[in-house]
């Protein structure tokens, strides 16, 4: 039985982050090829541990949060670590944000769109969030293509840390049952 918070796609399994993911998260968040352009930049191991605790608490408080992305395993056990995606409250108050980051070896194969699209659908359909935002540097065409490709639309521009940023959003009427 698949837990409610686990999401499967054709090639991936998204699982809420846990302590078992810490070594993979430390490697991902310390890699400047991935996190140099992320909000907050490259993380130390200590900061990654703090963020993991925050992400686990977010799941407990909200029923949504960050997932690790793994390749679907052909047998028992966990598949190879691909990256991270999920939802988090932006510290600047712009809203609940979709985030994603993939290992360099996993980039360029459509996995970011597959994972981010699944996280966006979860946010609207299961977590019942009517508005989800995402932010990308204006110069980060790969991320901007992913966001547009999963149906998010440009909703504004701002400057952050000296960089031109593009705000995307996805609005969906959420029906209460």
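Couple of notes before you dig in:
- Helix-only CD estimate at 222 nm, as mean residue ellipticity for the chain, using -39500 (n - 2.57) per DSSP H run (n ≥ 4): -8500 deg cm²/dmol
- When peptides 105-113, 153-161, 127-135, 7-15 are sorted by average Cβ neighbour count within 10 Å, with the highest value leading, the order is 127-135, 7-15, 105-113, 153-161.
- Taking a point 7 Å from the Cα of residue 153 along the Cα-to-Cβ direction, the residues of the stretch 98-112 with backbone N closer than 20 Å to it are 98.
- Diffusion coefficient of the stretch 64-142 by Stokes-Einstein, Kirkwood radius over Cα pairs, 25 °C, 0.890 mPa s: 181 µm²/s.
- Per-pair calculated FRET efficiency, R0 = 35 Å: residue 171 and residue 36 via Cβ, rounded to 0.05: 0.70
- Taking only the alpha carbons of the stretch 1-49, we obtain Rg and Dmax values of 13.2, 38 Å in that order.
- At the listed q of 0.09, 0.12, 0.21 Å⁻¹, the Debye profile of the stretch 7-130, built from one uniform point per Cα, gives log10 I(q)/I(0) equal to -0.23, -0.41, -1.35.
Bear in mind that the values in this text are calculations on the coordinates, not laboratory data. This one's a predicted model, so the numbers in the text were calculated from it and none came from an experiment. Positions of Cβ are backbone-derived with ideal geometry, glycine not excepted, and every protein chain shown enters the neighbour counts.
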